[in-house]
Structure formats: structure tokens, C-alpha cells
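Report on one structure; see the data block that follows.
The values are calculated or read from the model by the stated rules, or taken from the named source; none is laboratory data. Since the model is a prediction, treat every value here as computed from it, not as a measurement. Here the Cβ is made from the backbone with ideal geometry for all residues, glycine too, and neighbour counts use every protein chain on show.
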Amino acid sequence: MKLKSVIILFFMLSYGMTQAQVSFVAKVSKKTLGINERLRVDFEMNEDGDNFVPPSFEGFNVVGGPNQSVSNSWINGVRSYSKTYSYYLSPKKQGNFIIKQASIEIDGEIYKTTPIKVLVTAAVKKPKDGNNADYIASENVHLVAEISNSNPYLNEAITVVYKLYVSNDVSITRSWREIDSPKYEDFWSQNIDNQGQSQIYQGTYEGKPYRYVILRKAILYPQKTGKLTIEPLTLDVPIDVQGNTRDIFGRRRMTRVNRTISAGKRTITVKPLPLEGKPDNFNGAVGTFNFEVTTNKTNLDANEALELNIKVEGTGNLKLFDLPKLNLPSSLEVYEPTRDNKITVNSKGMKGYIKDTYTVIPQYKGTYPIRPITFSYFDVASKKYKTLSSVEIIVNVENGPNPNQTTVVKENTSKKNVIALKNDQFKYIKLSTSLSPINKPIFFNSKLFWWLVGIPFLFIPLFILIGNSRRKRLSDVDGKRLRKATKLAKKYLSEAKKNLSKQEAFYEALERALHNYLRAKLDIVTSEFSKEKIAALLSEKNVENKVVSEFVSLLKSCEFARYTPTSNVTIQQDYKKAVSVISNIDKQFK
């Protein structure tokens, strides 16, 4: 009995020691940093895990990562394993923050890290070290928001142009990533198509020669007065800086530095429109406009329709005001207008026209004047209100009832006498007829009859060919599996296909598609598996070694593409290769 207790105690201690060997911790590069510095966070484990869930990183922007590193070695028969997930963070503001818990699943158990407190202070002064790559990158790349007018009137157009300036001492060979988009609260805004976005211009920044690219243009119309804020555009930019070491040919090696660059907040002071000289019919139009009222005809008969157009054309806030309303005599029946517009947006604002088209139908004979209609707007150039007036239009209704003609009805107990209008005395007589012949042709035995009878027989050979082709297709088991596998491959690779022109986005989508495919086939999470483990799992499912090697080489291509540029031809080849590999795996998978 004593021996049995000792054995049970031994196994319990062994199990506890085994459990205690698992380690999952979080480490930070520093616990106190300036708002202009960066923080590195590492999540380390000594056993391979699955379903890694990082914290939310509240108060920080993730400017790099997750980067994964794995170390696996054997020394004197003892295995040493380490896997690390690394993130690079940029603080959003000053204060005390907590790096919350991350979690990982190891051998069916969930492990969590301990929260870490981090203090973000005011910006620290960095030494002006000409050999420091971070300092060189910060001094040679600048993001600027250029505003056409920082003191506009209400509803006056202003333009914001975002330019990225790069000096000749550094270079950018990889695409940047947008962290924060500019926000235009209290503005009507529209981005302008920037056809020259990839074009490089020569210019100056603070008196020094720089190259620059135009990242974005936007047209803004302030919708309230006072001080309005434009939130900044923030980018994560990879910058190549010359290092101090040289290669075998004597050329200086390049060091890549990731920098978070912001255009900074901009404040716009919006002036109210002047009260002096403001017309009563002013409805908010600001700009330079022409105004006209036209009709498609001026001579017509009663109950005949004419079109009346009210049109404003020019440059200004065309989408932000209403056209003057039409006011006509009650004897002219007016229908609700239809709106038509043709407006383009460029760096000067909205340009084009808006037009309301009314349908007007006169009821009686006579002459009807359409009085002049006025339209008022504020002219920014002269800083004055202007009022435009249309010309008077005379509409002549030549034929129709007179307005003073009426219908009189006399009532008796036995009958009613009706006095009709002069033009309505013969209204009951039907003047148009639609007659049809009595002797209609017989359909039976006609040409149409025999055509309709014979046409179905002409389709019989076609139905036979289609049926034979369908039976042959269904009997082709290998072909059916190939088509099904190819369709499945294209389904998983649809997102990658959309990004064929963008290297980084393509390979991220391709790697995600490959792991999702294996996850669906193997019903396990494979994103954290090594390539050797994935190859072993596929081999167990009777997948040929050649196909397994091709799959693993695709995963390697996805990893290498993060650090080395790749041509469009290689991207196309990798996509076709992925379709073929997934199709082959699906056929061979058992």
C-alpha cells in the first residue's frame, strides 16, 4: 500500500514538473518612452503553440509586425525550442498604458501573459547623430498637407494636397502603409482623382532640393463658421538609409528604417458670409454663376405641354443649394420638376450646371406672362452678393376654351337640360375607328401552322448531342474531380488574384489562402505549423512528394517576398502555380 502511494506521488510530481516547463511571457524593450519613440513587444514561448491571440494595444499604433522567429536546437540530447512574436508600437498620446494579456494554446491548454505597465512621456530630444539611421531618416523624409486657403468664407472651396518629400540622401523602395486617414468633420469633402500619384516631381523643402510625390488631393467646403480642425494623414514609411559598412565592391550598405510620419493637424478659420447687402432670396450659393430660364416653345394649344427649364451654371458649391422655385398662375398646371446636373470636381471646386425641368400645361386659351425669376449668390472674388434675373417669357395659348365659359345645369323633377360648351357639342361623336375584316384566314394547314409543328423535330438531334455530351462528361470521373479541384483552388485564391499588381498584398493574401485551404482540408489550425510539419501532414494523406515540395516552395516565396522585390511575371507564375498545386492536392487527398 505504501509502495502504491509513493508511485502515485511520483507521477503527480512528474506531471507538475512537466506542466511547469511551459513558459509564455511578454517582454518590452522599455517601460518608459517618449511619445516620439517606439516600443518593441515580444511574446515568447518555449513550446510550439496554436491560436495565438495578441492584445488590442490600446493607446498605440502597430507600425510593424507581427514578426515571427523560431529557434529549435539540440545540445547533448537536450532540445531547446523558442518561438517569438514581435510587434513594434508607436504611442498615440502621453499617459500610463497597459499592454494587456496575450493568449496561446499549447497541448490543449490556454496560457496567458502577464500585463505590463508602460509610461509614455513628452517627446524626448534625440541626439543629432549623423551616423544614426533613425535620425537620418527623420531629417530627410517629410509629409506635408498644403492648404490653398486657411481663412475661407462659409461654403467657399479650399483644396488640401498631401505631399511626401524625400531628399536625395535616402530612398523609398517599398510601399508605405496608411495608419490614420484624414478626417474632414464639418466639411463637405470629395477626393480628387490623382492621375499623377506615381509621378515624381522635383521641388524644394525648407530651401533644400527634394523629390516629392502627391499622395492625395481633396476639395473641401466648410459647413460651419469658426475654427475647424482637419485630422492628419499618418503613414508608416520604410526608408532606406546608407549605413557605415561597405560591401566587397566598396559600396555602402543600405539600412532600412521604418518611420511613422504625420502631416499634423491643420486648423481652418472659417468666416461667416457678410450680412450687409444680403438679398432676401439668398439660399447659400457661393461662387461664380450664370442663371437662365428657358422654354422649349411659347406658342401652343390648351392641354398641350411645354417644358420650362431653370438652370444655374458656373463654379461653386453647386451640390449644396436649391434652385429658385417656380410660381405660375393657377390656370397653368405645373408638375413637380425633374433634376438634371452635370458636375465635375477639380482643384478649383465644383464646376458644371444644375437644372430643374418643369412640365407646364395651360388649361385655357389666352396669353400668359412668366414673370422674371431672380437668383442670388455670394461672389468670393468681389466679396459681394450678386443677383441675376431671367427675362420675361410670354406664352401664347392659341386654341382652347375661354376662361369665362362655364357649364350650366338646370334640374327638374322629370329631366335635365345641359348647355354644353361650344367646342364640346360634338364631343360624343367617335371620329376614329378600328375595323377588322370579317373573313379571317384559317390557321389550320397554314404555313405558320406547319412551321410550328415541324420546329420541335428539328431540335431532336441537338438534344441527342447534348445528352451524349452530358453523359460523357458525367462518366469522366477524373475530369470531374479536376474541374471541382480547380474551382476550389480559384475560390481560395480569389483575394490573391485581386492583388496581382500589388506585391505585398498579393503574397499576404496568397499565404493566407494556402493556410486556409489546409485548415479546411485537415480541420486543424496550420498557420503556426512549420513547413516540415505541413509536409508531413500532406504526405500522410497520400499527396505526392513533388506536389508537397511545390506547396512548401510557395510558402517560402510568400516569406521571401516580404523582404525582396519581385517582378510581375514572377507574381503571375506563383499564382498559376498555386492554382495547380491546390488542384493536385485536392485530387490526391485521401
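Structural remarks
- Output for the range 305-346, where each listed residue is in a loop (DSSP other than H, G, I, E, B) and loosely packed, with under 15 Cβ neighbours inside 10 Å: Ala305, Asp322, Lys325, Asn327, Pro329, Ser330, Ser331, Tyr335, Glu336
- Residue within the range 196-214 that is buried (at least 19 other Cβ atoms within 10 Å of the Cβ), part of a strand (DSSP E or B), modelled with pLDDT under 90 and in contact with a Phe, Trp or Tyr (Cβ under 6 Å, 6 or more places away or on another chain) present: no
- Verdict on Leu388 being among the hydrophobic types (A, V, I, L, M, F, W, C) and part of a loop (DSSP other than H, G, I, E, B): no
- Each residue in the range 544-570 was checked for being modelled with pLDDT under 80, more than 17 Å from Thr173 (Cβ to Cβ) and among the β-branched types (Val, Ile, Thr), and 1 of them qualify.
- Single condition Val312 does not satisfy, out of (1) at pLDDT below 95; (2) touching a helix residue (DSSP H, G or I) at 6+ places or on another chain (Cβ under 8 Å): (1)
- Flag if Asn155 is loosely packed, with under 15 Cβ neighbours inside 10 Å, modelled with pLDDT of 90 or more and in the same structural domain as Leu233 (by TED's automatic domain parsing): no
- Flag if Arg174 is more than 30 Å from Asn317 (Cα to Cα) and modelled with pLDDT under 85: yes
- In the range 96-108, the residue that is farthest from the chain's Cα centre (by Cα) out of those that are in a strand (DSSP E or B) and surrounded by 12 or more Cβ atoms within 10 Å (Cβ to Cβ) is Ile106.
- When the range 347-379 is limited to residues that are part of a strand (DSSP E or B) and of a type in the set (A, V, I, L, M), the one that is surrounded by the fewest Cβ atoms within 10 Å (Cβ to Cβ) turns out to be Ile361.
- Just one residue in the set Lys117, Lys163, Lys93, Lys112 is in contact (Cβ under 8 Å) with a residue 12 or more places away in the chain, surrounded by 15 or more Cβ atoms within 10 Å (Cβ to Cβ) and of a type in the set (D, E, K, R); that residue is Lys163.
- Of the residues making up the range 24-49, those that are closer than 12 Å to Leu89 by Cα, of a type in the set (A, V, I, L, M, F, W, C) and outside any loop (DSSP other than H, G, I, E, B) are Val28, Leu33, Leu39, Val41.
- All positions within the range 50-72 that are assigned to a strand (DSSP E or B) and among the polar types (S, T, N, Q): Asn51, Asn61, Asn67, Gln68, Ser69, Ser71, Asn72
- Total residues in the range 539-551, condition surrounded by 12 or more Cβ atoms within 10 Å (Cβ to Cβ) and more than 17 Å from Ser583 (Cβ to Cβ): 1
- Of all residues in the range 121-138, none are of a type in the set (A, V, I, L, M) and part of a strand (DSSP E or B).
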